[in-house]
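What follows is a single structure, written as structure tokens, with notes after it.
The values are calculated or read from the model by the stated rules, or taken from the named source; none is laboratory data. This one's a predicted model, so the numbers in the text were calculated from it and none came from an experiment. Every residue, glycine as well, gets a Cβ built from its backbone with ideal geometry; the counts of neighbours run over all protein chains shown.
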Amino acid sequence: MNRQYIKITITVVFAAVLWYVIFVVKPMNFWLSMCCGILLLLLAAGLSDRTIFKIGPFKLKYAVLGIISAAVLYAIFYIGNDLSSLILPMKDSQIANVYMNRNGTSIYVISALLLLIIGPGEAIFWNGFVQKALMEKHGIKSVVIAAALYTVVHIVTLNFMLILAALVCGLFWGALYFRTRNLYPVIISHALWDMTVFVLLPFQR
């Protein structure tokens, strides 16, 4: 097996273990666990490829693209939320389980963590590390492969709606990164979308 594939496999398995601990075992506050998990993933990825933190110069167009793409993705989920109600009877209870993680934590703390650590961290790991490595050999197929890995990691939660959301987001952000070849739009899109669905305009109050 290619050395790069070994590194990706190890870090993705590590991510699955972390997600199991965070979402199933729940040893401590969910948001603290998420932050610790993301930072550990970034540490593992950084040890494997130190260039993942070298994003390059920022341009205004990246911010605009990030904001617009976050709005588009939210619209996709808004429509999907209504449609899924017609065919997935367990939808509401599973979404409620995700939003229960907000309980007991200040909305301001959640907002700060989503914008500064969780959203950017996931983008850097999944797109800037995993997908970037796959793009070198697989080109556009890396979008599907990286999204599949992102989805598989969420299977440990046994929450179908969360798994489906991971697939949609993985494909969307993967395509955005492949098209722009830049992490800034993905980081901004990921952070703003997280903030919108969890704090500003959640699908379940």
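When restricted to residues that are more than 13 Å from Trp173 (Cα to Cα) and surrounded by 12 or more Cβ atoms within 10 Å (Cβ to Cβ), the range 53-75 contains 7.
Can you go through Leu116, Leu176, Leu200 and tell me which one is more than 12 Å from the chain's Cα centre (by Cα) and crowded, with 22+ Cβ neighbours inside 10 Å? So that I can check it myself, show each step before the final result.
Details: Leu116 fails: crowded, with 22+ Cβ neighbours inside 10 Å; Leu200 fails: crowded, with 22+ Cβ neighbours inside 10 Å.
Leu176 is the lone residue from the list that is more than 12 Å from the chain's Cα centre (by Cα) and crowded, with 22+ Cβ neighbours inside 10 Å.
Determine, yes or no, whether Leu134 is within 22 Å of Leu47 (Cβ to Cβ) and surrounded by 18 or more Cβ atoms within 10 Å (Cβ to Cβ). Here the answer is yes, as Leu134 does meet what is asked. Of the residues contained in the range 87-107, none is found to be in contact with a Phe, Trp or Tyr (Cβ under 7 Å, 6 or more places away or on another chain), farther than 26 Å from Leu18 by Cα and surrounded by 13 or more Cβ atoms within 10 Å (Cβ to Cβ). Scoring Pro89 on the criteria (1) without any contact (Cβ under 8 Å) to a residue 60 or more places away in the chain; (2) in contact with a helix residue (DSSP H, G or I) (Cβ under 6 Å, 6 or more places away or on another chain); (3) not hydrophobic (A, V, I, L, M, F, W, C) leaves a single failure, condition (2). Taken over the range 75-104, the criterion of being of a type in the set (A, V, I, L, M, F, W, C) and within 18 Å of the chain's Cα centre (by Cα) is satisfied by Ala75, Ile76, Phe77, Ile95, Val98. The range 27-118 holds helices (runs of 4 or more DSSP H) entirely within its bounds, and those carrying 2 or more residues that are under 30 Å from Arg3 (Cα atoms) map to 30-48. Take Phe77 and decide whether it is in contact (Cβ under 8 Å) with a residue 40 or more places away in the chain, farther than 25 Å from Val153 by Cβ, touching a Phe, Trp or Tyr at 6+ places or on another chain (Cβ under 8 Å) and not β-branched (Val, Ile, Thr). Criteria not met by Phe77.
When the range 1-51 is filtered for residues that are closer than 25 Å to Asn101 by Cα, small (Gly, Ala, Ser) and surrounded by 20 or more Cβ atoms within 10 Å (Cβ to Cβ), the ones remaining, listed by number, are Ala15, Gly37. Identify all residues within the range 30-55 that are at pLDDT 95 or above, over 20 Å from Gln94 (Cβ atoms) and touching a Ser or Thr at 6+ places or on another chain (Cβ under 8 Å); write none if there are none. Once the filter is applied, which keeps residues that are at pLDDT 95 or above, over 20 Å from Gln94 (Cβ atoms) and touching a Ser or Thr at 6+ places or on another chain (Cβ under 8 Å), the range 30-55 yields Leu41, Ala44, Ala45.
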